[in-house]
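Reviewing the structure listed below.
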Amino acid sequence: MRHAGALRRLSEYLDGTLPSRDGKRVEAHLAGCVACRKELAELRRTTELLRGLRHGEDAPDLTAAVLERIRSGEGDPSASDRVRAAAVRFLSGAWGAPLATAAVGLAVLAIVPRVEIEVSIPGGAAREVVVPVARAPAPQRRAPPPAARDRRRF
Amino acid sequence: MSHPRVTAVTQPLFDRARPIPAADVPESVDPDRDLVERWRRGETDAFAALVRRHQRRVFGLLLRMLGNREEAEDAAQDAFLNLHRHGHRFRRESRFSTFLYRVAVNAALNRRRSLGRRRAHVDAFGEAHAVGHAGSEPAPDPEQALAGDELRARLGRELLALPESLRAPVVLYDVEGLSYGEIAEVLAVAEGTVKSRIHRARQALRARLGDLVAEVGARS
């Protein structure tokens, strides 16, 4: 393993999270690299110092203040959160998913636009069929030319 | 002494969708599950018990993130209120404590933003620790004895000097003891990103703590 590669993996090696093959390669590099051994020792010392912060923190008791703020309404979910929570409860129920699927299906059927197209069959009469596909854009009435508007106005 | 340059982290802290674990966390793995269920059924006592159980760690994390006891206390209250407000978003695929850490980190980031990104009160950090530590329980191990008030204040200052994107992972791993995977979930980044940020944070801290760690390094 090259020096840069070993250097990048020193923290994982220190944490014991490297796969064994990579760990052995790092160890092989460490055996011949004074700089990496020094780096490893200093990183180890750094983590030991940080772990020393785990204990002895004198934390305040927040329970009373938090409950008081909740009683005053500060911890209430917003309207959108309430709707979302209700939806989650509904969907997590036994009938929630099937009913939601059915509702979505009905909604899609109701709103899918329909368009009438004329199909000409050679040798037969023209027939009108209705196909539920994207609605063709409605022809837009073109504005009269400025001259016509002017004539109407005066 | 030359410090290694801490390059800007291009990936934001909260830029990826949360991973979807395969199954719910069983009750044996998540000791909070019973309390969470009772709280969701409307039992205020259960929520209060969750606050009492986690407030120390939440406060500790926020103190490391913000560097000021008052700010940390306010942010911790905000975190628990946000938890109460958005608790329904908690899914049982992850541990409750992981979800709570995520809420707490967000509270810290929101508070820093609301403060207009002014620098945290570094000096107050040391004073607060000198006062706060006086009445705490005896040191549980030799490392704690070593970590006196002055050293804790120094470590706090050096942590605050790190960019937030590096500080959060190293605090969650080395101080709070979360795993790489849990941190990835809390910060919503890939596990590889967590590993690399932890390593870069340690390298930066090692350089800044040079006098404290160099002696050991020289002996090896």
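List of remarks:
- The mean number of partner chain beta-carbon atoms within 10 angstrom of a residue's beta-carbon across peptide B:87-93 is 3.
- Three-way shape label, region A:3-52, alpha-carbon gyration tensor, a/c 1.5: oblate
- Test item: B:153-164 mean partner chain Cβ contacts at 10 Å: 1
- Peptides B:166-175, B:183-192, A:12-21, B:82-91 ranked from most to least packed give B:166-175, B:183-192, B:82-91, A:12-21, packing being the mean of other C-beta atoms within 10 angstrom over each peptide's residues.
- Assigned charges on the beta-carbon of Lys, Arg, Asp, Glu; region A:3-52 dipole about Cα centre (debye): 100
- Measuring nothing but alpha carbons in region B:169-210 and taking Rh as the Kirkwood radius, the Rg to Rh ratio lands at 1.00.
- The HN-Hα couplings worked out from phi for region B:55-61 by the Karplus form 6.51 cos²θ - 1.76 cosθ + 1.60 (θ = phi - 60°) are 4, 5, 6, 5, 5, x, 4 Hz, whole numbers, x standing for Gly and Pro.
- Label positions at residue B:56 and residue B:38, each projected 7 Å from the Cα along the C-beta direction, are separated by 2.0 nm.
- The amide H of residue B:93, built 1.01 Å from its N in the peptide plane, has B:25 as neighbours under 5 Å, considering only residues 5 or more places off or on other chains.
- Other protein chain Cβ atoms within 10 Å, averaged over every residue that makes up A:30-38: 1
Readers should treat all values here as calculations from the given coordinates under stated rules, not as data from a laboratory. Not measured: the values here are computed from a predicted model. Quick reminder, even Gly has a Cβ in these numbers, built from the backbone with ideal geometry, and neighbours come from all protein chains shown.
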